[in-house]
1. Pull up all non-local amide H partners of Tyr21: gap of 5 or more, or a different chain, and H-to-H distance under 5 Å with H placed in the peptide plane.
2. Take the alpha-carbon centre of segment 140-217, take the same for segment 5-42, and report the distance between them in whole Å.
3. Could you compute the net charge surrounding Asp64? Neighbours are other residues with a C-beta less than 12 Å from the C-beta of Asp64; K and R count +1, D and E count -1.
4. Which residue, Leu143, Gly98, Gly163, has the largest displacement toward the positive end of the dipole of the chain when charges sit on each Cβ (Lys, Arg +1; Asp, Glu -1)?
5. From the helices alone, meaning DSSP H stretches of at least four residues, give me the mean residue ellipticity at 222 nm for the chain, per-run term -39500 (n - 2.57), in deg cm²/dmol to the nearest 500.
6. Taking 41 Å as R0, compute the FRET efficiency from the Cβ-Cβ separation of Ile58 and Leu246 and round it to 0.05.
7. Looking at segment 128-167, what % of the alpha carbon pairs are farther apart than 17 Å?
8. Starting at 0 and stepping by 5 Å, how many percent of the alpha carbon pairs of the chain end up in each bin?
Amino acid sequence: MPPKPPTTATLELADGRRLPYRIAVSPRGRCVRLRLSARNGLVVAVPRSFDRAGLDAIVRGKRDWVAHHLERFEQARPLPVDPASLAPPRAIDLPTLGESWQIEYRQTSGKTVSVRTDEPGRLLVIGAIADETARRAALLRWLARRGRETLPPWLARLAEETGLRFAATRIKGQRTRWGSCTAKGVINLNYKLLFLPPEWVRYVLVHELCHTRELNHSARFWRLVHRWEPDAAAIRGRLREAWQRLPAWLDAESRLHPTLADL
């Protein structure tokens with residue numbers, strides 16, 4: 001039986017630093033992709049049938065890109081998180097929808113926490129509100145509901161506009177992705193998109209719809225994206241720092257460990 005290919009390797013940067021990276025097989029990938037994040041470090045995704053003999057040279061060719069984003073990470077990491085920003089939010093602003101919701105908290109004898117619309121523009125959080133985990137989970141459930149109410153219809157309208165068909169939509173709370181598309185045409189969207197400008201969200205929806213035709217990031221895929229979103233390159237660049245727009249209470253860990261780049 002032939003030996004299994006290695007799952008880790010090391011990249012030596014121009015300044016002599018040695019950066020270990022993990023090699024992951026991407027079943028649907030068609031090219032080598034580098035992903036750098038504080039949570040997972042450098043991950044190199046390769047297609048299932050890729051000949052790894054030349055992988056080291058490919059990764060070395062990207063070392064300036066890696067060094068650049070490592071520097072950005074070092075500049076971003078010291079940013080302090082204001083403890084007050086982790087307190088229960090008094091309002092939730094959703095730029096995507098042009099909405100602002102004021103929040104009232106009401107302690108009751110219940111052991112759980114629920115959120116309901118008290119009146120237009122106002123949320124009532126009821127129950128064991130002193131339980132930080134339960135309180136946050138209840139607010140996230142409300143955000144997911146708002147995402148299910150608004151994002152799938154928007155995606156359907158864009159599908160009609162572009163002629164790109166999808167099978168179904170799922171709303172999730174992914175840590176590192178704004179959206180994804182499966183081989184069966186199921187599009188997953190992150191409810192955290194609601195905190196971004198609408199033009200950025202439209203780009204993400206168009207991006208995932210284009211994956212229903214091109215399940216890769218080939219030149220044909222990007223031509224299709226730019227056909228329906230001419231400003232795609234600029235928006236894609238801005239999305240790399242979009243985590244800074246997320247409120248700290250939403251996911252403090254994501255703010256401290258943002259995904260920095262994806263090639």
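The values are calculated or read from the model by the stated rules, or taken from the named source; none is laboratory data. Everything numeric in this text was worked out from a predicted model, so none of it was measured. Heads up, the Cβs are rebuilt from the backbone with ideal geometry, glycines too, and the neighbour counts pull from every protein chain shown. Side chains included, ligands, DNA and RNA excluded: accessible areas come from the protein's heavy atoms. Shrake-Rupley method; radii C 1.70, N 1.55, O 1.52, S 1.80 Å.
1. Ala9, Thr10, Leu11
2. Taking the Cα centre of each part, segment 140-217 and segment 5-42 sit 27 Å apart.
3. +1
4. About the Cα centre, the residue reaching furthest to the positive side is Gly163.
5. Calculated at 222 nm, the ellipticity per residue is -10500 deg cm²/dmol.
6. Calculated value: 0.80.
7. Roughly 50 percent, once rounded to a whole number.
8. Per 5 Å bin, starting at 0, the Cα pair percentages come out as 1, 5, 11, 14, 15, 15, 13, 10, 8, 4, 2, 1, 0, 0.
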